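Colleague: Got a structure here, written out as structure tokens. Questions coming.
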Amino acid sequence: MMEKSELSKTRADAATERVYTHDIAARIVKNFENILDEQNITLTSPEDDEKEPDNTARLYGGTYCDLLDATEAIVIQTLEQAGVSHDKYITDQFSGNF
């Protein structure tokens, strides 16, 4: 879930700040990971044989990347449909603040 502190930015901050669609997608995917964790479900990945035995990630490797990319595509499509100018968001990279 999004923290209240993440929602408390002023309109002026939002108007000058560019949005990182990869960060938004990762937050959405994290919510899915939390549900998988609560249900004790781990999805398989083509890279499972490379996964460290103590790695408890519920989504891993290509499975995680595919879900992240698909989610980011939806975020981008939503921004485009809302008429948000492309110079207001950055795609395909993390902000470093996630």
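Colleague: Conditions: (1) closer than 30 Å to LYS88 by Cβ; (2) aliphatic (A, V, I, L, M); (3) in contact with an Asp or Glu (Cβ under 9 Å, 6 or more places away or on another chain). ALA57 meets all but one. Number of the miss?
Modeller: (1)
Colleague: Determine which member of the set ASP66, ASP49 is of a type outside the set (A, V, I, L, M, F, W, C), loosely packed, with under 10 Cβ neighbours inside 10 Å and modelled with pLDDT of 90 or more.
Modeller: When all the criteria are applied, what remains is ASP49.
Colleague: Follow-up question, since we're still on this one. All but one of (1) at pLDDT 95 or above; (2) loosely packed, with under 12 Cβ neighbours inside 10 Å; (3) in contact with a helix residue (DSSP H, G or I) (Cβ under 9 Å, 6 or more places away or on another chain) hold for ASN40; which doesn't?
Modeller: (3)
Colleague: Which residue is nearest to ILE28 (Cα to Cα), if the candidates are limited to region 85-98 and must be within 19 Å of the chain's Cα centre (by Cα) and assigned to a loop (DSSP other than H, G, I, E, B)?
Modeller: Per the stated criteria, the residue is PHE98.
Colleague: What do you reckon, is GLU72 modelled with pLDDT of 95 or more, charged (D, E, K, R) and under 11 Å from the mean Cα position of the chain (by Cα)?
Modeller: yes
Colleague: Can we say ALA73 is loosely packed, with under 14 Cβ neighbours inside 10 Å, under 25 Å from GLU47 (Cα atoms) and out of contact with any helix residue (DSSP H, G or I) (no Cβ under 6 Å at 6 or more places or on another chain)?
Modeller: yes
Colleague: Under 7 Å between Cβ atoms, which residue pairs at least 6 apart in sequence (or on different chains) link something in region 70-88 that is in contact (Cβ under 8 Å) with a residue 24 or more places away in the chain with a partner that is surrounded by 13 or more Cβ atoms within 10 Å (Cβ to Cβ) and among the aromatic types (Phe, Trp, Tyr)?
Modeller: Listed pairs, sorted by first residue: LEU79/TYR89.
The values are calculated or read from the model by the stated rules, or taken from the named source; none is laboratory data. Since the structure is predicted, the reported quantities are computational estimates derived from the model, not experimental observations. Neighbour counts are summed over all protein chains in view; Cβ atoms, including those assigned to glycine, are modelled from backbone coordinates with ideal geometry.
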